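Colleague: Input: one structure, supplied below.
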Amino acid sequence: MNIAIASTEFESIIKTGGLGDAIYGISNALSKYDEFNVCVILPNFKNVDDKDFKNIGQFKIANSKITADEDLEKIGGNFLFKKIGNIDVYLIDNEYYFNREKLYGYDDDLLRWSFFSRSIYELIKQESINPDIIHTNDYHEGLLSFISKNKGDMNCKHVVSIHNAYFQGHYQFNETNSKSLFEYYIDDNWDEDDINLLRVSVFNADYVLTVSPDYAESIKYTNFGEGLEDLYCEKNAVGFLNGLDTSTYDRLSDDFESFVKVKEKYKLKLQERFNLKVDKDIPLFAYICRLSYQKGSHIILEAIKDIVENGQLIVLGTGDEGYDEQYAELNGKLDNYIAIIDFDSQLANEIYIASDMFLMPSFFEPCGISQLISQYHACLPIVTNVGGLKDSIIEYDLENANGFKLNEFGVEELVDTINTAKDVYFNDKEKWLKLMKNAYNTDNSWEKRIENYVNFYKEIGDNNA
């Protein structure tokens, strides 16, 4: 079965967040099955190292509407190819649209993503990829299913995964996003003057997935559907929990008892490094994320004195809405606290290993990866009971418990849950070690999680036969 996965990010090539981790994890795990031929299609962004890719041919979108020389750079480019493991990786190479400093956030993004969608179609036809399933992600390839179904020459199923329903690719036609160029790429007259690429993608998809079961249900309601909740209900969106590529995270020992000893040494070293009191018995909390409302940064600020009372907190990340300044200003003013306003993946891994608890009180969380990393390092997550956090964390007083949950998003609930965790930490060491061991042994690997996709692809592939 041929699976074509289209995305803007792919770990080891280009990544700004969890999307790249997920696409790499799915495609890499899927490619280990003999019955699947997997290809991944990406834009050749400026920061992509393409020197080992082979130029397999030029392309030009076939349409007679544009003839002016100055527009030729906007209607073609090159297809680049490289084999990574068992995955066929293709890059859509176009200097005009993709050779830019950032991946996202330009005035002509409607045209960039329209061009990307049409270029994927041209690649599939030109290289005879013959996919049984085309799997797109979020809104960036949102027009591909529309183009494919409009042309009617691809006998395949279209799947779209929603990684974050908040981001929809909402645009209007203007001088920058010209209607004529847009219609050129999709080869169709478009009456709508208010384009929502995610809505187009979901409407034309045969199947809609999200990155956790609870998030799939959440987006069917007004609070999290962002205006598309009725469409998600109509399409019966379902969710598969993301996995973790454990090969990228070194936890230093595969024996729990040995790991506990290593973890203690890391904790003491980290305390010393950041001028915190060096004491293995003080609970060390970690907060590693993009500082934002969604990640609960404001409620942690309000709860911070309670957190560092008989505890320590290390913050690592950068943010928006002024959160980075607020966290940085507390350095030197608050005991048992340090904020590093930066992102350093090596330091993040060391903090995960050293810390006792990981704070993730998100307002919403489609899946989340940080709670999976913290479990891998026996650092107990304290999370809100939403989305992927609800699906991946088992409450501390249940069988096989591996973390703590806030039943509601708020400061009071966060403080209460932290105090519950502290109580177990200080007063029930046997239970605490059991929680750590459960987290350490939780199998969040892509080798485990890919089974959902394997069964899903087989089922819809059989329906396509």
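Colleague: Just checking, which of ILE351, ILE299, ILE340, ILE288 is more than 23 Å from GLY388 (Cα to Cα), among the β-branched types (Val, Ile, Thr) and either open to solvent by 60 Å² or more (accessible area, probe 1.4 Å) or in contact (Cβ under 8 Å) with a residue 24 or more places away in the chain (or both)?
Modeller: Numbers: ILE351 fails: more than 23 Å from GLY388 (Cα to Cα); ILE299 fails: more than 23 Å from GLY388 (Cα to Cα); ILE288 fails: more than 23 Å from GLY388 (Cα to Cα).
None of the other options fit; the residue is ILE340.
Colleague: Please work out which one of (1) basic (Lys, Arg); (2) surrounded by fewer than 17 Cβ atoms within 10 Å (Cβ to Cβ); (3) without any contact (Cβ under 8 Å) to a residue 24 or more places away in the chain is the condition LYS405 fails and give its number.
Modeller: LYS405 satisfies all of (1) basic (Lys, Arg); (2) surrounded by fewer than 17 Cβ atoms within 10 Å (Cβ to Cβ); (3) without any contact (Cβ under 8 Å) to a residue 24 or more places away in the chain except (2).
Colleague: Please enumerate the residues belonging to segment 354-363 that are among the hydrophobic types (A, V, I, L, M, F, W, C), in contact with a Ser or Thr (Cβ under 9 Å, 6 or more places away or on another chain) and buried (at least 21 other Cβ atoms within 10 Å of the Cβ).
Modeller: Step one: filter segment 354-363 for residues among the hydrophobic types (A, V, I, L, M, F, W, C), giving 354, 357-360, 363.
Pick out the ones that are also in contact with a Ser or Thr (Cβ under 9 Å, 6 or more places away or on another chain) and you get 357-358, 360, 363.
Residues satisfying the conditions are MET357, PHE358, MET360.
Colleague: How many residues are closer than 25 Å to LYS437 by Cβ and crowded, with 17+ Cβ neighbours inside 10 Å when one looks only at segment 263-281?
Modeller: Number of matching residues: 5.
Colleague: Which of the residues belonging to segment 218-257 are open to solvent by less than 50 Å² (accessible area, probe 1.4 Å), over 21 Å from VAL200 (Cα atoms) and either among the β-branched types (Val, Ile, Thr) or in a helix (DSSP H, G or I) (or both)?
Modeller: THR246, PHE256
Colleague: Could you grab me the full set of residues in segment 408-437 that are open to solvent by less than 30 Å² (accessible area, probe 1.4 Å) and polar (S, T, N, Q)?
Modeller: At the first step, the residues of segment 408-437 found to be open to solvent by less than 30 Å² (accessible area, probe 1.4 Å) are 410, 414-415, 417-418, 421-422, 424-425, 432, 435-436.
Residue satisfying the conditions is THR417 alone.
Colleague: Another one. Of everything in segment 1-13, what is surrounded by fewer than 21 Cβ atoms within 10 Å (Cβ to Cβ) and either assigned to a loop (DSSP other than H, G, I, E, B) or at pLDDT below 95 (or both)? Give them in sequence order.
Modeller: Initial filter on segment 1-13 (surrounded by fewer than 21 Cβ atoms within 10 Å (Cβ to Cβ)): 1-2, 11-12.
Of everything in segment 1-13, those that are surrounded by fewer than 21 Cβ atoms within 10 Å (Cβ to Cβ) and either assigned to a loop (DSSP other than H, G, I, E, B) or at pLDDT below 95 (or both) turn out to be MET1, GLU11, SER12.
Colleague: Among the residues that make up segment 275-285, is at least one of them without any contact (Cβ under 8 Å) to a residue 40 or more places away in the chain and not in a loop (DSSP other than H, G, I, E, B)? Before you say what the answer is, go through the steps one by one.
Modeller: Within segment 275-285, the subset without any contact (Cβ under 8 Å) to a residue 40 or more places away in the chain is 278-281.
When the remaining residues are screened for being not in a loop (DSSP other than H, G, I, E, B), the result is none.
Checking segment 275-285: not a single residue is without any contact (Cβ under 8 Å) to a residue 40 or more places away in the chain and not in a loop (DSSP other than H, G, I, E, B).
Colleague: Also, I was wondering about something else. Might you let me know whether segment 131-140 holds any residue that is more than 25 Å from LYS51 (Cβ to Cβ) and of a type in the set (D, E, K, R)? Outline the logic, then answer.
Modeller: Restricting attention to segment 131-140, the residues satisfying the condition of being more than 25 Å from LYS51 (Cβ to Cβ) are 131-139.
Subsequent filtering for residues that are of a type in the set (D, E, K, R) retains 132, 138.
Yes; the residues of segment 131-140 include at least one that is more than 25 Å from LYS51 (Cβ to Cβ) and of a type in the set (D, E, K, R).
Colleague: Of the residues that make up segment 60-76, is at least one surrounded by 21 or more Cβ atoms within 10 Å (Cβ to Cβ) and either among the aromatic types (Phe, Trp, Tyr) or touching a Ser or Thr at 6+ places or on another chain (Cβ under 6 Å) (or both)?
Modeller: No, the conditions are met nowhere in segment 60-76.
Colleague: Within segment 145-163, take every residue that is more than 21 Å from the chain's Cα centre (by Cα) and outside any loop (DSSP other than H, G, I, E, B) and give me the one that is surrounded by the most Cβ atoms within 10 Å (Cβ to Cβ).
Modeller: So the first thing to find is which residues in segment 145-163 are more than 21 Å from the chain's Cα centre (by Cα), and the list is 145-157.
Checking the rest, the ones that are also outside any loop (DSSP other than H, G, I, E, B) come to 145-151, 157.
Values: SER145: 25, PHE146: 20, ILE147: 21, SER148: 20, LYS149: 14, ASN150: 14, LYS151: 13, LYS157: 19.
Filtering segment 145-163 for residues that are more than 21 Å from the chain's Cα centre (by Cα) and outside any loop (DSSP other than H, G, I, E, B), the one surrounded by the most Cβ atoms within 10 Å (Cβ to Cβ) comes out as SER145.
Colleague: Among what's in segment 87-107 and is assigned to a loop (DSSP other than H, G, I, E, B) and out of contact with any helix residue (DSSP H, G or I) (no Cβ under 8 Å at 6 or more places or on another chain), pick the residue that is nearest to GLY57 (Cα to Cα). First the steps, then the outcome.
Modeller: If we filter segment 87-107 for residues that are assigned to a loop (DSSP other than H, G, I, E, B), which is where we start, we get 94, 99-107.
Right, trim to out of contact with any helix residue (DSSP H, G or I) (no Cβ under 8 Å at 6 or more places or on another chain) and you get 99-105, 107.
On the way: ASN99: 19, ARG100: 22, GLU101: 25, LYS102: 26, LEU103: 24, TYR104: 26, GLY105: 29, ASP107: 29 Å.
Here the answer is ASN99.
Colleague: Right, another one. Among the residues of segment 302-346, write down those that are assigned to a loop (DSSP other than H, G, I, E, B) and acidic (Asp, Glu). Give the derivation first.
Modeller: Our first condition is that a residue be assigned to a loop (DSSP other than H, G, I, E, B); within segment 302-346, this holds for 309-311, 317-318, 320-322, 330-336, 341-344.
Once the filter is applied, which keeps residues that are assigned to a loop (DSSP other than H, G, I, E, B) and acidic (Asp, Glu), segment 302-346 yields GLU309, ASP320, GLU321, ASP335, ASP342, ASP344.
Colleague: Any residue at all in segment 62-74 that's among the hydrophobic types (A, V, I, L, M, F, W, C), part of a loop (DSSP other than H, G, I, E, B), at pLDDT below 95 and closer than 19 Å to LEU123 by Cα?
Modeller: Yes.
Colleague: Another question, then. If a residue has to be more than 19 Å from ASN444 (Cα to Cα) and small (Gly, Ala, Ser) to count, how many in segment 349-385 make the cut?
Modeller: Here the count works out to 3.
Colleague: Please give the number of the condition ALA22 fails out of (1) in contact with a His (Cβ under 7 Å, 6 or more places away or on another chain); (2) open to solvent by 10 Å² or more (accessible area, probe 1.4 Å).
Modeller: Of everything listed in (1) in contact with a His (Cβ under 7 Å, 6 or more places away or on another chain); (2) open to solvent by 10 Å² or more (accessible area, probe 1.4 Å), ALA22 misses just condition (2).
Colleague: Based on what the data block shows, is LYS431 of a type in the set (Lys, Arg) and assigned to a helix (DSSP H, G or I)?
Modeller: Against the criterion (of a type in the set (Lys, Arg) and assigned to a helix (DSSP H, G or I)), LYS431 qualifies.
The values are calculated or read from the model by the stated rules, or taken from the named source; none is laboratory data. Owing to the predicted nature of the structure, the values given are computational and were not obtained by experimental measurement. Note: ideal-geometry Cβ built from the backbone for every residue, glycine included; neighbour counts use all protein chains shown. Heads up: the accessible areas ignore ligands, DNA and RNA and are worked out on the full protein's heavy atoms, side chains in. Shrake-Rupley method; radii C 1.70, N 1.55, O 1.52, S 1.80 Å.
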